[in-house]
Structures are given as C-alpha cells and as structure tokens.
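Visitor: Just passing along the structure, written as structure tokens.
The values are calculated or read from the model by the stated rules, or taken from the named source; none is laboratory data. Keep in mind it's a predicted model, so treat the numbers as computed, not measured. All Cβ positions, glycine included, derive from the backbone under ideal geometry; neighbour counts span all protein chains shown. Keep in mind that these areas ignore ligands, DNA and RNA; they rest on the heavy atoms of the full protein, side chains included. Shrake-Rupley method; radii C 1.70, N 1.55, O 1.52, S 1.80 Å.
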Amino acid sequence: MVGKDQRLFAAHEDVLNNSPFFESASKDALYTSASQSTRRIFLPDEDAEIFSAVLEFMYKGDYFPRLLHDRRRNAWVLESVDECSSLSPKFQGRGNADTITSYSSRVNGLILRDTAIYCLAERFGLEDLKKLSLRKQGLQSGIEVATILRSARYAYDNTPENDARLRAHYLALIIRSRTTFKRSGTMQVDMESGGRMFFDLFVAMSNHIDDLTELNG
C-alpha cells in the first residue's frame, strides 16, 4: 500500500526479497486474507509513481524510458516516446515531460524522476537501480534551473553523506552550467538560505578552479 491514497501494488515475495528492505519488511507484513496467503506492506510516505518504476525494475531490470544502445553512434540513449509507441500500445500518448519529472509530495513540486528513483533505491538497498538511475540522469538535458535545484535539495535530504554519487552529479552539473546559474534568481534565493549543498558546491568549485590553475600553469 503506497502513498497517502494507499494505492495497492501486487508483487511476488521472491521478487521483493531481492531488496534487503523488503526482505525484512515481509517478515512484519500484515496478513489481510482469510487464507493467510496475502500480506500487505504499508509505505505511506512514498510516491506511487516512483514506486511503480522501482517495481518495474525489480521485475524487468529497467524502467520506462529504457536505456538503449545506439549501435550507429555507439552511444547509450533513452528510448523515445515514438519508439515506445511502436513497441507497445500502453506507451502511446505519454509525453516527454512525463519521463523527466515527477511531482513529489515531500517538496510539493516537480523534481527529476530519476533522482526520486535513486533515493528510493537507496532506501530499498537496490545498488543496480541506483547505478541505472544515475546513468539516466546524465542523459537528460534542457531542464529548468528551479527543477534542478529542487531535485538537488531532494537528493541531499534523502541520501546519506557517505553516498556521494548523486550529490556529486548535481555539483558537477551546476559547475558545468555555471553561466546559466549565475543569472538565476532561484539560485540566488537558495544560496542565501544556505545548507550543506552550497558548502559542498563552494568546495567543488574551488577544486575546479585549482585544477584549471594547474593545467594553465
């Protein structure tokens, strides 16, 4: 049972037990049928859309949009909506925006969907899903500054300090796009409010300057 609306998902115990979180939770799950064969795990603080992607990965090893190898360019890409429509009718009519962002009840706004998936994978102990979602985030482009910053704060709030991969991704993204972020009013407001993320950003940018100085020296 997921989210405040208690959306019901059905899954096999042997699939769920690939996650240390669910392996433990299944032992405490409540039986809800007379035959004692159906148990329910309650996740009221999670978003159903993100959980759906995680469950899809646990069954299929990937989630929509899938990561595909473009042999012609020898590069990894995300499947397009047109490709999804030709592969399966269930993907018809889904827009690109739906594949990039997702509404998060925790921040009351849109964040990058792959970031939310990474954070839930962290909670569930799914290392392969963390790697996959991080890789997909590196293929995204054209994202609004406000969405990036909101997602970065979400990443900091929902990952431990010793798991620096997702945090480092956002710091590097801001440094690479610093010309855009310098002009952002959202960035200014966020920096004035402070937080660990901006100290890390200061350290990362200082290191970046030092690296450039050494190269030019």
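Visitor: Can you tell me which of (1) in a helix (DSSP H, G or I); (2) of a type in the set (Asp, Glu); (3) over 22 Å from TYR103 (Cβ atoms); (4) touching a helix residue (DSSP H, G or I) at 6+ places or on another chain (Cβ under 8 Å) is the one ASP163 doesn't meet?
Guide: Exception for ASP163: condition (1).
Visitor: Here's another thing I want to ask about it. Identify, please: which residue in the range 135-176 is among the polar types (S, T, N, Q) and without any contact (Cβ under 8 Å) to a residue 24 or more places away in the chain and is, among those, least open to solvent (accessible area, probe 1.4 Å)?
Guide: SER141
Visitor: Is at least one residue of the range 209-217 more than 30 Å from GLU46 (Cβ to Cβ) and assigned to a loop (DSSP other than H, G, I, E, B)?
Guide: The answer is yes, given that some residue of the range 209-217 is more than 30 Å from GLU46 (Cβ to Cβ) and assigned to a loop (DSSP other than H, G, I, E, B).
Visitor: So, in the range 148-165, how many residues would count as being closer than 21 Å to MET205 by Cβ and either among the charged types (D, E, K, R) or touching a Leu at 6+ places or on another chain (Cβ under 6 Å) (or both)?
Guide: Going through the range 148-165 one residue at a time, the tally reaches 7.
Visitor: Using the structure shown, decide if ARG165 is under 16 Å from the mean Cα position of the chain (by Cα) and modelled with pLDDT of 90 or more.
Guide: yes
A quick yes/no check of all residues on (1) more than 27 Å from GLU122 (Cβ to Cβ); (2) in a helix (DSSP H, G or I); (3) under 17 Å from the mean Cα position of the chain (by Cα); (4) at pLDDT 75 or above:
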{"residue": "PHE9", "(1), (2), (3), (4)": "no, no, no, yes"}
{"residue": "ASP14", "(1), (2), (3), (4)": "no, yes, no, yes"}
{"residue": "ASN18", "(1), (2), (3), (4)": "no, no, no, yes"}
{"residue": "SER52", "(1), (2), (3), (4)": "no, yes, yes, yes"}
{"residue": "LEU68", "(1), (2), (3), (4)": "no, no, no, yes"}
{"residue": "ASP98", "(1), (2), (3), (4)": "no, yes, yes, no"}
{"residue": "VAL107", "(1), (2), (3), (4)": "no, no, yes, yes"}
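Visitor: Within the range 135-153, can you find the residues that are over 22 Å from LEU67 (Cβ atoms) and part of a helix (DSSP H, G or I)?
Guide: Matches in the range 135-153: VAL145, ALA146, LEU149, ARG150, ALA152, ARG153.
Visitor: Is at least one residue of the range 132-139 under 27 Å from GLY185 (Cα atoms) and more than 12 Å from the chain's Cα centre (by Cα)?
Guide: yes
Visitor: Can you pull out every residue in the range 177-217 that is among the acidic types (Asp, Glu) and free of Cβ contacts under 8 Å to residues at least 40 places away in the same chain?
Guide: Selection gives GLU192, ASP200, ASP210, ASP211, GLU214.
Visitor: Across the range 177-208, what is the total count of residues that are assigned to a loop (DSSP other than H, G, I, E, B) and either among the β-branched types (Val, Ile, Thr) or open to solvent by 60 Å² or more (accessible area, probe 1.4 Å) (or both)?
Guide: 1
Visitor: Still on this structure, I have one more. Quick one: what pairs do we get from the range 56-71, first residue open to solvent by less than 50 Å² (accessible area, probe 1.4 Å), second among the hydroxyl-bearing types (Ser, Thr, Tyr), C-beta under 8 Å, 6+ apart or different chains?
Guide: If the second residue must be among the hydroxyl-bearing types (Ser, Thr, Tyr), the pairs left are GLU56/TYR63; PHE57/TYR63; MET58/SER19; PHE64/THR99; PRO65/SER80; PRO65/THR99.
Visitor: Taking into account only those residues within the range 20-42 that are part of a loop (DSSP other than H, G, I, E, B) and surrounded by 14 or more Cβ atoms within 10 Å (Cβ to Cβ), which is modelled with the highest pLDDT?
Guide: In this case the residue turns out to be ILE41.
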